[in-house]
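Structure first, then comments.
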Amino acid sequence: MQHTIVGIDVGTTKVCTVVAQLRAEGRINILGVGLTPSKGLDKGIVVNIDDAINAIAASIEKAERLSGYRIGTAFVGVAGRHIASLNSRGVVAIGRPDHEITRNDIARAVEAAQAVAIPTQREVIHVIPRAYVVDGHEGIRDPIGMSGYRLEVETHIVTGEIMAIQNLIKSVQRAGVEIDDLVLQPLASGEAVLTDEDKDRGVMLVDIGGGTTDIAIFIQGGIWHTSVIPIGGNHFTNDIACVLHVTGNTAEYLKIRYGNAIADDNPDNDVIDVETLTSGEHQKISHHLLNEILQARAEEVVEFLYHEIRRSGYEGLLPAGMVLTGGSAQLPRFDELIREMLGIPVRVGVPVDVTGLADTIDSPPYATAVGLLRWGARHGPALVGTAQNGHYEQNGGWGSAYERLKGWLKEFLP
Ligand SMILES: Nc1ncnc2c1ncn2[C@@H]1O[C@H](COP(=O)(O)OP(=O)(O)OP(=O)(O)O)[C@@H](O)[C@H]1O
Ligand SMILES: [Mg+2]
């Protein structure tokens, strides 16, 4: 059976809509890609709804034109500083006379895990069951059919601010598309570039985008820690613009054409001659100074990453190291800098196992969009966001908690 699936990555610098056909064995065949510059977003969240709608609509239209497919629903990525995550356990007794664990027991355990106090202005985005404990026996991945007296579930819960989430939902819906599910961006990126072996061994996914750096730590196949750091490629560009007194466009050009995350110790007198875009005058810029600016910011990002590893409690427990995605992962020698500073394996990840128009999206900035497709293929739509008459409903427009719980269970059970 084949069916069509759509992912929309609403990033700080670009909106990327991808239409694909799901083939046997989970292969993804890309039918169309719609890429437009993003507007109305700052550090991953919608700050101007009209601009965001226009950018999203333009991206959707391009993807529709290229694929010949009319997009009705899509999986949409969510990120931003408002995202928070925590791990929570739920425990239930197995009441049936034969003590056989059923889907319903898992639902009750996951619900119990969710009973942790979530502040009123926050909404749950994911409750991801990660491992189960039956009568004290840890590390069980699928307890259905087992016998026991007591079932515990370990979950990873991701929440976001209601208003930030609703502004994203509204922007996509007003651009004419309903939402199959919202997916935390680093989880989507992880789907695209990590292998099962990476996740089993212990790995940190780092998506260094334009506005934010999103991270997710996977251990023993499950997700243990997620976080969003409010620094991305735009900060590198702004630093260059400020220090070298050039326009934003010139700074972006310098970064991408000449930039390097490591400024060599023995600088030659390498001088870059740029035409400043405003005045048409020529300006001479030290290549070494350019790289020093980039290295300073890159080191700051690495310090944040180290802080997150420590905060997660998994320092020394990431044998598969770090996998970088996002546009800024393309900054030459960024991986080398991280390897040197943290002493762990680092590689740049690109989306794999895609066919069709794959050559347009097999690079790090497209990991989130491709990952949204994989997430959708793996978990299916989560019964959310059924708006009336194509309009977003003010109250409960993203499905009731119970509907979402059912959705999650459908997603995560075999
Ligand atoms: N070759 C390169 N070297 C350095 N930086 C690059 C390169 N190519 C792209 N970038 C940077 O990547 C960033 C965009 O990355 P990406 O497309 O992943 O961001 P986004 O998804 O729109 O943003 P976010 O995920 O933060 O919301 C920009 O800051 C851009 O300057
Ligand atoms: Mg991104």
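Heavy atoms only, probe 1.4 Å: what % of the accessible area of region 92-217 goes to carbon and sulfur, would you let me know?
Within region 92-217, the accessible surface is 49 percent carbon and sulfur.
Pop out the Kirkwood hydrodynamic radius of region 122-203 from its pairwise C-alpha distances, inverse of mean 1/r, in Å to one decimal.
Evaluated over region 122-203, this radius sits at 15.6 Å.
Would you mind pulling out the separation of the Cα centroids of region 36-111 and region 307-335, in Å?
24 Å
Write down the Å³ per residue value for the convex hull defined by the alpha carbon atoms of region 203-247.
In region 203-247, the Cα hull volume divided by residue count equals 56 Å³.
Tell me, what is the percent relative contact order of the chain, built from C-alpha pairs under 8 Å that lie six or more residues apart?
Here the relative contact order equals 18 percent.
Which peptide among 16-23, 192-199 comes first, and what is the full order, when sorted by highest mean count of other Cβ atoms within 10 Å?
Those peptides, ordered most packed to least, come out 16-23, 192-199.
Just the number, please: carbon plus sulfur as a percent of the accessible area of region 1-72, 1.4 Å probe, no ligands or DNA/RNA counted.
It is 49 percent, rounded to a whole number.
Filter the cross-link list Lys170/Lys199; Lys39/Lys199; Lys43/Lys255; Lys199/Lys255; Lys39/Lys255 down to pairs whose alpha-carbon distance in this structure exceeds 28 Å.
As for pairs spanning more than 28 Å Cα to Cα, those are Lys170/Lys199; Lys39/Lys199; Lys199/Lys255.
Stick to the Cα atoms of the chain, pair each with every other, and give me the Kirkwood hydrodynamic radius in Å at one decimal.
It is 22.4 Å.
Classify region 23-95 as rounded, prolate or oblate from the Cα gyration tensor: take a ≥ b ≥ c as the square roots of its eigenvalues, call it rounded if a/c is under 1.5, otherwise prolate when a/b beats b/c and oblate if not.
In terms of gyration-tensor shape, oblate.
Test of understanding: what is the full-extension gain from Thr73 to Thr120, defined as 0.36 nm times their sequence separation minus their Cα-Cα distance?
Residue separation times 0.36 nm, minus the Cα-Cα distance, leaves 14.1 nm.
Leaving out ligands, DNA and RNA, and with a 1.4 Å probe, what % of the accessible surface on region 282-345 is carbon or sulfur?
C and S fraction of accessible area: 51 percent.
Would you mind getting me the FRET efficiency between Arg347 and Tyr149? Use the beta-carbon distance for r and R0 = 30 Å, nearest 0.05.
Once rounded, the FRET efficiency stands at 0.10.
Looking at the square roots a ≥ b ≥ c of the eigenvalues of the Cα gyration tensor of region 156-291, which shape do they give, rounded for a/c under 1.5, prolate if a/b is larger than b/c, or oblate?
Because a/c hits 1.5 or more and a/b fails to exceed b/c, region 156-291 counts as oblate.
Tell me whether region 265-370 comes out rounded, prolate or oblate; compute the Cα gyration tensor, take square roots of the eigenvalues as a ≥ b ≥ c, and use a/c under 1.5 as the rounded threshold.
oblate
Excluding ligands, DNA and RNA, what is the solvent-accessible area per residue of the chain at a probe of 1.4 Å, expressed in Å²?
On a per-residue basis, the chain sits at 44 Å².
What number, rounded to the nearest 500 deg cm²/dmol, is the helix-based mean residue ellipticity at 222 nm of the chain, given -39500 (n - 2.57) per DSSP H run of at least four residues and division by all its residues?
The per-residue figure over the chain is -11000 deg cm²/dmol.
The values are calculated or read from the model by the stated rules, or taken from the named source; none is laboratory data. Since the structure is predicted, the reported quantities are computational estimates derived from the model, not experimental observations. Using ideal geometry, Cβ is built from the backbone for each residue, glycine included, and neighbour counts are taken over all protein chains shown. Ligands, DNA and RNA are excluded from the accessible area calculation, which covers all protein heavy atoms including side chains. Shrake-Rupley method; radii C 1.70, N 1.55, O 1.52, S 1.80 Å.
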